[in-house]
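Single-structure report; data block below.
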Amino acid sequence: MELQVVDRTGKDTGRKVELAAGVFGVEANDNAIYLDVKQYLANQRQGTHKSKELNEIKGSTRKIKKQKGTGTARAGSIKSGVFRGGARMFGPRPRDYSFKLNKKLKVVAKRSALSYKALEGAIILLEDSKFETANTKDFLQVTSDLGLTKTKTLFVLAEDDKNFYLSSRNVKSSTVINVSDINTYVVLDAQKLVISEKAISKLNELLG
């Protein structure tokens, strides 16, 4: 599949780039996508949730009523979870939700996600360029010229561009990442992918 390269104003540069079939034209593996996205979201969880257990509750340890003859259940402490203000029974404890996945499976998932976007025609190839200064107005002009003003967009750059990143930071609909940080979740979460020319070459190296 060939795509035209456009400049920051959205005009055709006259050049075309061939998208590698092994990266952008594979048969999608939905199960690999599911597992990779599940791992990504699990790794985002802090796992710091905690509720107080019986030994952490302050209160009297006196037996609150006699063992027998009351007609109700036995109760040994006001700190019990059955009483208001008591402990929480089997409550959450701090834990690590992350889990490991095979590296080859993650590569398959990324290829599948990129192939879906290529099939949808949701990829734009952008001529390599840098922002001289960090300016949100300039970035908004780029998204406007590319017809992406109200579109959830992922910009994939070949290398870190601090000014480009800072210019996009206040634009909620756009995300800028380095090609080495690309993952299945961010690809699928975006409606459009804007990939620089050099980033396409690096993607072929990383996933080819």
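A compact table of results
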read-out: Mean residue ellipticity (222 nm) of the chain, computed from DSSP H runs ≥ 4 via -39,500 (n - 2.57), nearest 500; value: -10000 deg cm²/dmol
read-out: Loop-located trypsin sites (Lys or Arg not before Pro) in region 105-203 whose Cβ has at most 11 other Cβ within 10 Å (DSSP); value: Lys130, Lys150, Lys172
read-out: DSSP beta bridge pairing in the chain, given as percent antiparallel to the nearest 5; value: 20 percent
read-out: Over region 9-86 - Rg/Rh using Cα atoms and the Kirkwood inverse-distance radius; value: 1.55
read-out: Gyration tensor (alpha-carbon) shape descriptor, region 94-208, a/c threshold 1.5; value: prolate
read-out: Rounded tilt (10° steps) of 136-145 against the dominant C-alpha axis of the chain; value: 60 degrees
read-out: Gaussian network model of the chain, springs between alpha carbon atoms under 10 Å - residue of Ile78, Ile33, Ile124 with greatest fluctuation; value: Ile78
read-out: Surface/4 of the Cα convex hull for region 1-54, nm²; value: 7.6 nm²
read-out: Of the GluC sites (Glu not before Pro) in region 100-166, those whose Cβ has at most 16 other Cβ within 10 Å and which sit in DSSP loop; value: Glu127, Glu132, Glu159
read-out: Nearest 10 degrees, 0 to 90: helix 103-120 Cα axis against the chain principal axis; value: 60 degrees
read-out: Whole-angstrom gap from region 145-208 to region 1-76, using each part's C-alpha centre; value: 22 Å
read-out: Share of alpha-carbon pairs per 5 Å distance bin for region 27-147, given as whole %; value: 2, 8, 10, 9, 8, 8, 10, 9, 6, 6, 6, 7, 5, 4, 3, 1, 0
read-out: Residue of Val186, Val107, Val82 that the Gaussian network model of the chain assigns the largest fluctuation, springs spanning Cα pairs under 10 Å; value: Val82
read-out: Percent of alpha-carbon pairs separated by more than 11 Å within region 51-91; value: 63 percent
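The numbers here are math on the coordinates, done by the rules we state, and not lab data. Note that the structure is predicted; figures quoted are calculated from it, not measured. Ideal geometry is used to build each Cβ from the backbone, glycine not excepted, and the neighbour counts take in all protein chains shown.
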